[in-house]
Ligand SMILES: Cc1cc2nc3c(=O)[nH]c(=O)nc-3n(C[C@H](O)[C@H](O)[C@H](O)COP(=O)(O)OP(=O)(O)OC[C@H]3O[C@@H](n4cnc5c(N)ncnc54)[C@H](O)[C@@H]3O)c2cc1C
């Protein structure tokens with residue numbers, strides 16, 4: 001028999017970015033908050049992350065660096081970057097973005113005023129602002145005025161190490177939630193939602209060999225993170241990620257428990273996808289190469305954000321893709337994700353070695369080079385900076401093929417939710433007393449083609465806050 005114990009107003013399941021922000025806001029609204037975290041400490045995948053937060057519309061760091069971003073341009077960009085956009089959520093996120101930045105800073109997270117302008121996967125300097133999406137690449141620069149919106153959490157006084165931003169962010173938010181008066185229990189794995197007359201009224205959880213039921217007067221917020229660690233769920237809900245060669249990154253408890261909890265009480269799921277990437281840059285010179293598939297055809301402007309170019313590679317016939325370089329631009333990819341297949345003195349030798357139909361790659365390169373000589377790329381509109389004829393032998397091919405290049409990533413999306421984090425059932429109605437936020441919910445980040453780094457933590461913190469406020473006050 002599970003032991004029962006006194007209840008609280010709001011229960012939060014999981015203590016990553018979403019759970020911590022929900023707890024802070026629910027406490028600010030006067031609720032008695034209990035956070036249950038399965039691990040021995042909070043942090044989840046947030047602590048593993050690069051600590052980029054996608055914010056804009058005129059944040060302090062944007063203004064200091066002379067970027068006149070507006071909520072409207074941010075809205076237009078996110079609408080264009082999202083396969084099935086929820087305009088209401090994106091509008092709220094963009095409009096509130098400068099204030100959300102201020103709220104994050106007011107809660108002890110620091111961003112310095114530096115701007116990192118170069119192409120990168122994760123920059124290793126302390127600069128607080130950088131480009132983390134497709135804003136400057138076609139077709140996005142035609143849809144919204146580009147602005148950098150990747151805000152990187154900075155360790156106060158620190159020198160900046162890779163991966164440090166996420167740990168700093170998670171730690172600070174957790175400390176803030178505790179300081180605000182949220183009660184926390186660790187090693188507490190939530191197993192079941194308790195319902196009464198269709199309303200979620202509590203949860204059953206397990207700590208070591210002890211099971212406990214705890215009740216909530218106002219609501220339970222699921223903030224358990226993604227599901228990359230659950231192979232069966234990945235195969236069912238996110239087939240594009242179900243390849244044995246993909247390296248799934250994130251916390252070990254990103255096993256989709258929150259999605260199962262929601263489904264158990266009739267929840268619907270929203271848009272589910274993934275970010276899978278194997279960045280072939282830096283160095284930026286490789287963006288002057290061309291990506292071709294097994295038919296020798298180009299398929300994307302190579303200067304797009306790595307999430308988009310890599311997702312496009314994965315979607316080619318048989319997952320086969322090559323980055324073609326000439327001697328003038330060739331360098332080894334910094335992350336070593338793509339093996340070098342070989343070098344050849346002529347394009348026809350390269351074509352034969354790659355088993356591309358005779359003449360196809362030669363034609364692609366001849367067409368590309370003819371336009372590149374004038375600085376143009378009429379087929380895919382690569383920006384001029386990266387357009388240069390590939391004519392200097394020897395030629396090289398880097399292998400971007402599935403199973404050859406090292407793709408890594410995490411899931412995006414989960415439970416269907418309203419703008420305030422209410423979990424939506426299969427009839428389109430909110431489930432009373434149930435909320436979800438963060439990587440277990442579907443909000444803004446939907447797929448690799450449109451992904452901008454920072455949108456996951458951006459939406460986890462923003463919609464986590466909204467869920468905390470709504471649960472506490474309704
Ligand atoms: C290597 C890496 C780098 C990334 N970099 C970025 C980045 O720079 N910017 C960005 O926006 N996104 C990034 N992401 C994605 C981002 O980290 C996540 O989407 C985001 O942190 C999710 O936050 P969350 O609060 O929803 O979940 P998490 O931070 O994963 O927290 C969920 C918590 O729930 C707990 N939990 C799980 N199941 C239960 C249960 N049954 N009972 C109780 N507790 C439970 C977990 O232990 C965990 O502590 C990155 C991800 C990875 C893996």
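Here, region 259-343 is characterised by an Rg to Rh ratio of 1.17, where Rg is the alpha-carbon radius of gyration and Rh the Kirkwood radius.
Protection proxy ranking of 228-238, 313-323, 251-261, by the mean of other Cβ atoms within 10 Å over each peptide's residues and highest first, is 251-261, 313-323, 228-238. Taking every DSSP bridge with both residues inside the chain, close to 65 percent are antiparallel. Between residue 28 and residue 474, full extension at 0.36 nm per residue minus the direct alpha carbon distance yields a gain of 159.2 nm.
Between residue 427 and residue 235, the modelled label-to-label distance comes to 3.4 nm, taking each label 7 Å out from Cα in the direction of the beta carbon.
Dividing the radius of gyration of the alpha carbons in the chain by their Kirkwood radius gives 1.02 for Rg/Rh. Once the Cα-Cα distance is subtracted from the 0.36 nm per residue extended length, the residue 263 to residue 284 segment shows a gain of 3.1 nm. By the beta-carbon count within 10 Å of each Cβ, the least crowded to most crowded order of 186, 140, fewest first, is 186, 140. The long axis of helix 164-179 is offset from the longest Cα principal axis of the chain by roughly 10 degrees.
With both labels modelled 7 Å from their Cα along Cα-to-Cβ, the residue 105 to residue 379 distance reads 4.6 nm. Between the C-alpha center of region 2-75 and that of region 409-474 there is a gap of 11 Å. Multiplying each eigenvalue of the alpha-carbon gyration tensor of region 1-110 by 5 and taking the square root yields semi-axes of 33, 16, 15 Å, largest first, rounded to whole angstroms. Note on region 105-158 and region 199-241: Cα centroid distance 33 Å, given to the nearest whole angstrom. Can you tell me the 0 to 90 degree angle between the C-alpha axis of helix 97-106 and the longest principal axis of the chain, rounded to 10? Around 60 degrees separate the two axes.
Taking every DSSP bridge with both residues inside region 279-399, close to 100 percent are antiparallel. Summed over qualifying helices (DSSP H, 4 residues or more, each -39500 (n - 2.57)) and divided by its residue number, the chain shows a 222 nm mean residue ellipticity of -8500 deg cm²/dmol.
Axis of helix 17-28 versus longest Cα principal axis of the chain: the two differ by about 40°, to the nearest ten degrees.
Given region 279-399 reduced to its alpha-carbon atoms as identical point scatterers, what log10 I(q)/I(0) does the Debye formula return at q = 0.10, 0.12, 0.23 Å⁻¹? Those come out to -0.25, -0.36, -1.60, one per q.
Here the peptides 105-113, 173-181, 297-305, 437-445 are ranked by packing, the mean other Cβ count within 10 Å, and the order with the highest first is 437-445, 297-305, 173-181, 105-113.
Just so you know, all these numbers are worked out from the coordinates, no wet-lab data involved. Please read these numbers as outputs of a predicted model, since none were measured by experiment. Neighbour counts are summed over all protein chains in view; Cβ atoms, including those assigned to glycine, are modelled from backbone coordinates with ideal geometry.
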